[in-house]
Amino acid sequence: MTQKKRVDTVRLQNLSYGHKQSAALRAAVELDLFTCISEGAESIPAVADAAGINVLNAERLVVACTALGLIEKAGGKYRNAPDVERFLVKGKTTYIGPWLIFNGVDFERWKDLAAIIKSDEPPRVLGIYEMLDDDFAKVYHDATYTVGLGAGMLFARDVDLSKRSLILDLGGGSGAYCIAAVQKYPHLRAIVMDFEPVCKIAQGFISQWGLEDKISTLPGDFTKDALPSGADVMIMASNLPQYNEEILGKILKKAYDALAPGGEYHVCGETLDNDKCGPLGPALWGLHEALLGSYGRAHSEEEVMGYLEKAGFVDARVHPFVPGSLTRITARKPS
């Protein structure tokens, strides 16, 4: 007779400890723990010395990070897990520490999620972005650039832009996708359309790459402002959950009208599977919009393809992009 697995509380308790896990990761990044280990601090006393903390606290943090799978222990020595070694060692071009730190900005507000969900305060089209200023734009996009450039490079590798001429990136943020595309395809020109404070930040990153003659910025709100015509590629990346179906429909119809005949549209978004049971990342980004006060929610791949087709696009297709995080959904305007 098969015995049923005993149901216990461990999974639920571990979920309730999620803030502790996040805090451990954040502290490790702030203390450069993973950089210290990468540079040779392979024991707890060595970590304590390199990070400038006492041995007791070094042990506490190292043990927690090992339990989280961020650090591995072999032969009595500590080393970073492969993803940590690649993305959380300061000085590497792949370092995303600023993005992880930024994700703690609203750490305190999450504990009030139930009250926020019960609130009758009417949502805003742009949520928190209606109050965007220069300081917040800098903090936010200095952080998003660290992960956006990697995604932009993946986009440029995956998409053949050799016969295209002009990209319009709607809500292009730091300009990462355009920077990556123009680096790979030097004949391209690109426009980053975003709010004025964001465009200032994008201009800084564009200048760092010496691409001012190829990439321009256009201050504006693409949910209500007219879009420039002539682009044969449009991108909408990592802003999908900020909007509901109605707002997305209006954006996509404007995009369709402005896109050159035969042009292509790319949504690189945090999409759910069609059964809306995950992945976790996109589901949480949808929930996050409750904190930001927008109309946004998480959308499924099937829904996004439907929005594109309703706007007039054809050949809507789903492409794997960043598993568990982003899906690339493409469509084109008939010639």
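The values are calculated or read from the model by the stated rules, or taken from the named source; none is laboratory data. Quick caveat, the model's predicted, so the values are computed rather than measured. Neighbour counts are summed over all protein chains in view; Cβ atoms, including those assigned to glycine, are modelled from backbone coordinates with ideal geometry.
Couple of notes before you dig in:
- The number of residues in region 312-321 being at pLDDT 95 or above and either over 15 Å from G262 (Cα atoms) or exposed (fewer than 15 other Cβ atoms within 10 Å of the Cβ) (or both) comes to 6.
- Taken over region 126-138, the criterion of being surrounded by 15 or more Cβ atoms within 10 Å (Cβ to Cβ) and either outside any loop (DSSP other than H, G, I, E, B) or without any contact (Cβ under 8 Å) to a residue 24 or more places away in the chain (or both) is satisfied by G127, I128, Y129, F136, A137, K138.
- Of the residues L56, L61, L15, the single one that is out of contact with any Leu (no Cβ under 6 Å at 6 or more places or on another chain), of a type in the set (A, V, I, L, M, F, W, C), surrounded by fewer than 20 Cβ atoms within 10 Å (Cβ to Cβ) and more than 19 Å from E108 (Cα to Cα) is L56.
- Residues in region 322-335 that are assigned to a loop (DSSP other than H, G, I, E, B) and either touching a helix residue (DSSP H, G or I) at 6+ places or on another chain (Cβ under 9 Å) or crowded, with 18+ Cβ neighbours inside 10 Å (or both): 3 in all.
- Taking region 84-125 as the range and being surrounded by 14 or more Cβ atoms within 10 Å (Cβ to Cβ) and either of a type in the set (G, A, S) or at positive phi (or both) as the test, the residues that pass are G97, G104.
- The residues of region 69-79 that are surrounded by 16 or more Cβ atoms within 10 Å (Cβ to Cβ) and either assigned to a loop (DSSP other than H, G, I, E, B) or within 23 Å of the chain's Cα centre (by Cα) (or both) amount to a single one, L70.
- Count - residues of region 81-108 that are free of Cβ contacts under 8 Å to residues at least 24 places away in the same chain and among the charged types (D, E, K, R): 4
- Single residue of region 30-53 satisfying the filter (within 26 Å of the chain's Cα centre (by Cα) and hydrophobic (A, V, I, L, M, F, W, C)) that is surrounded by the most Cβ atoms within 10 Å (Cβ to Cβ): L33
- Neighbours by Cβ (under 6 Å, 6+ apart or cross-chain): first from region 157-182, on the phi > 0 side of the Ramachandran plot and touching a residue at least 40 places away in the same chain (Cβ under 8 Å); second among the hydroxyl-bearing types (S, T, Y) and part of a helix (DSSP H, G or I): G173/T144
- Members of region 267-286 found to be β-branched (V, I, T) and either in a strand (DSSP E or B) or free of Cβ contacts under 8 Å to residues at least 24 places away in the same chain (or both), listed by number: V267
- Any hit, region 251-260, residues being over 23 Å from the mean Cα position of the chain (by Cα), part of a loop (DSSP other than H, G, I, E, B) and assigned by TED's automatic domain parsing to the domain that holds F136: yes
- Residue within region 26-37 that is over 16 Å from L70 (Cα atoms), assigned to a helix (DSSP H, G or I) and either in contact with a Ser or Thr (Cβ under 8 Å, 6 or more places away or on another chain) or assigned by TED's automatic domain parsing to the domain that holds A67 (or both) present: no
- From Y140, Y129, Y95, residue being closer than 18 Å to F205 by Cα, among the hydroxyl-bearing types (S, T, Y) and modelled with pLDDT under 95: Y140
- In the set I235, I167, I191, I206, only one residue is buried (at least 18 other Cβ atoms within 10 Å of the Cβ) and either part of a helix (DSSP H, G or I) or assigned by TED's automatic domain parsing to the domain that holds D83 (or both); that residue is I206.
- Any hit, region 239-253, residues being farther than 30 Å from P122 by Cβ, exposed (fewer than 15 other Cβ atoms within 10 Å of the Cβ) and at pLDDT 95 or above: no
- Every pair of residues 6+ apart whose Cβ atoms lie under 9 Å, when the first sits in region 1-21 and is of a type in the set (S, T, N, Q) while the second is outside any helix (DSSP H, G or I): Q21/L68
- Which numbered condition F107 misses (of (1) within 19 Å of A143 (Cα to Cα); (2) modelled with pLDDT of 95 or more): (2)
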